[in-house]
Every structure is written in C-alpha cells, then in structure tokens.
Amino acid sequence: MNPTLLSVKEYLELEERAELRHEYVDGRLLAMAGETQEHEDIVLNLVEALRPLARGKGCRLYTTNIKLQVRPTRFRYPDLMVICSPKVEPRIEFAPCLIVEVLSDSTEQTDLSEKLSEYTALPSLERYLLVSQTHKLVLVYIRQPDGWRLETLENSGEVYIPCLDVSLTLEEIYRGLAL
C-alpha cells in the first residue's frame, strides 16, 4: 500500500501546527528523533562558541527549529547552521555557510549519504561538519574550487569557519563531555 504523499504546501501547513518536527523528503514526512544529553551538550557548546561571532558578523545561527530547504521538495532540520545572507522567510532558510550534524546511530547513514549530497550541492555552503557524540571525532567537508575535500579530526585539532573567520578546537566542541 502506498502512503499518501504530501505537497510542499501541505507539509508547510502541517508543520506549522505539528507538535513534533518532521523533515520532508519528496512528499514523505520523517519524524525527528529525540536526542541524547551528549548530543545536546555538543550543540550547546557550538552555540556558545559561535553565536556571539555570528551576531558580530551580521549572521544568524539556528539549531534544530528552523527548516533548511535543500531542494524544491526537501526540507531538513540541521542540528546547527549559520546563515550570513539576508532573511527571506521567517521559518525557512536557504543559504547556510556552515552546517553541523551530530551523528547518532539512527541518523549517521543519512547524514553521511543523503544529507551530504544535499548540503554540498548548496552553493552557499563552505563547511559541513559531522560530529561524533561517542568519541572526539569530527569529519569536516571543506569546499574547494574543484569540489569538496574531507578532513578528519580525531582527539585534537581545529576547524576553520570562513564565513565567521574563526577556528574552533575539538576541545571547544567537546567541552564538559567525558569521552
């Protein structure tokens, strides 16, 4: 039996009233899973480090409550994104310069495949970070003139965020976590 596919308009109307957030992929709703304390601590560490810098540069920083339209029929809720372009819609963003996803067992495969493809197709994106919540490991996808390069940081190192002109250390990302 085929589930009924929703139009983008139906999805956006439903999401306005929904108690739970859903990503939208080609007509299908994907419920957002609950997160661990480690996941939340990592996101909050990133917010604490980046939000003042984003504001100082005239940029915006959002966590999981603002949708990102990655294709005409796909909307995602990144764990964190930084946008330095003008605001177009109150609940949807289109042009992040940084996206961060914190990996979990339930999302890792999607983050490393579908979302990697969707996010790196966005012309505005400069960095895509995949952050492990089980050990100090960050996969950094870096836009290059000829494509994307993957840099793996484990246990130490730093990530440069061009749109904010700042480097983040793994120590800042994992502050307070016993990994």
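Just the Cα atoms of the chain, one point each, no solvent: what log10 I(q)/I(0) does Debye give at q = 0.10 Å⁻¹?
The computed values of log10 I(q)/I(0) come out as -0.38.
Going through the stretch 80-141, which trypsin sites (Lys or Arg not before Pro) have at most 16 other Cβ atoms within 10 Å and a DSSP loop state?
Answer in residue order: K87, R91.
Rounded to the nearest 0.05, what FRET efficiency do A31 and Y160 have when you use their Cβ-Cβ distance and R0 = 41 Å?
Result of the calculation: an efficiency of 0.75.
Tilt of helix 8-17 relative to the longest C-alpha principal axis of the chain, in degrees (0 to 90, nearest 10)?
Roughly 70 degrees between the two axes.
With all protein chains present and a 1.4 Å probe, how do D165, D111 order by accessible area, largest first?
D165, D111
Pairing the Cα long axis of helix 37-56 with the longest principal axis of the chain, what angle in degrees results, from 0 to 90 and rounded to the nearest 10?
80
With the dipole of the stretch 3-110 worked out from charges on the C-beta (+1 for Lys and Arg, -1 for Asp and Glu) around the Cα centre, which of T4, S104, V88 lies farthest toward the positive end?
With unit charges placed on the Cβ atoms, the residue in question is V88.
Hey, what number do you get for the chain at 222 nm if only DSSP H runs of n ≥ 4 count, each worth -39500 (n - 2.57), divided across all residues, to the nearest 500?
-7500 deg cm²/dmol
So, R0 is 41 Å and r is the distance between the beta-carbons of E16 and K57; what FRET efficiency does that work out to, to 0.05?
The value I calculate is 0.85.
For the chain, what is the accessible area per residue in Å², given a 1.4 Å probe and the full set of protein chains?
53
Using a 7 Å offset from Cα along Cα-Cβ at L5, what residues in the stretch 102-143 end up with backbone N under 20 Å from the label point?
114-115, 118
The values are calculated or read from the model by the stated rules, or taken from the named source; none is laboratory data. None of these values were measured; they are calculated from a predicted model. Quick reminder, even Gly has a Cβ in these numbers, built from the backbone with ideal geometry, and neighbours come from all protein chains shown. Each accessible area value is taken on the protein alone, full model and side chains, heavy atoms only, with ligands, DNA and RNA left out. Shrake-Rupley method; radii C 1.70, N 1.55, O 1.52, S 1.80 Å.
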